[in-house]
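Worksheet: one structure, shown below.
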């Protein structure tokens, strides 16, 4: 072997030896200080708040019963109207012409009937004296009955045309507030086209939406007095509310269910569309556990917590059943037992089997003993 090759091999071996000597051991995971809480059974109730809107119990879309060009609108958005008040008008010239034509037809039918009745009377006298036969008298009687039917038809048609002319004026059927304007003067509308929206005076509802998982709870509490209260924005005193209606189908966009809470006339001073908060009080349930929301984490789509094994001072994951929230605390109904130690802070930096130690406040004089009660932080 050539001397140059021998020198190169020796240099490579020396570099490999130096690299092996420079390798360092992987540092062990640090022992993390954790805040903890000892599990103990408690009583939980809580409430859910939903944003709602004050609406009238009944809101009508007013429209003309005939078609035509609207020439006048006498109310504006937000106006208060009374029963019988004129709200809008159509151009009624064609309708009045139709009414005049119907009256003329009725007058012609009246004259025809009177002529047929007079003819029948004369022919009846002639028949009584034997100058004409029964067949001719029957024809005169049928002509009179036909004229009478035509008169009734013309009179009914005249009444219809009179009503049509009256329909050119839109009148409020009930008292209320105008909440919407859908048609402006100068526009041509067909019969039934919405012109105005009228919120009726009387009881008020607060309309709000609840998620799918709370519909069963709302239905269960709907029949229990005092379960729902409403606080209208700008007022201090909550109002009692009763669930009046729960939508049978979810909204296709939000996947929530619409709920209507009846507050009667107690909020008569509240303006339509005003914001309100609906509070749903949950019944008290004993034997549950409460943990700070910071103790929860998600593991494979489920809620879980870290439990501290006091003997080895390591953590392990524990799946829990979450029932809801009570303020800033989570209500746990399954997965935990009294006396277990749960990590309440820093849960997202831990791993299964990791070594931990109990956190000590900087102002504490002594650290908690390994067999003592861990520090509880809410």
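Looking across the stretch 289-333 at every residue that is farther than 20 Å from residue 352 by Cβ and modelled with pLDDT of 85 or more, the one that is surrounded by the most Cβ atoms within 10 Å (Cβ to Cβ) is identified as 292. The residues of the stretch 356-378 that are surrounded by fewer than 19 Cβ atoms within 10 Å (Cβ to Cβ), within 14 Å of residue 36 (Cβ to Cβ) and at pLDDT 55 or above, listed by number, are 357, 360, 361. Scan the stretch 33-56 for residues that are part of a strand (DSSP E or B) and under 28 Å from residue 260 (Cβ atoms) and the total you get is 10. Looking across the stretch 334-351 at every residue that is closer than 30 Å to residue 215 by Cβ and surrounded by fewer than 19 Cβ atoms within 10 Å (Cβ to Cβ), the one that is farthest from the chain's Cα centre (by Cα) is identified as 335.
The values are calculated or read from the model by the stated rules, or taken from the named source; none is laboratory data. These numbers come from a predicted model, not from an experiment. Every residue, glycine as well, gets a Cβ built from its backbone with ideal geometry; the counts of neighbours run over all protein chains shown.
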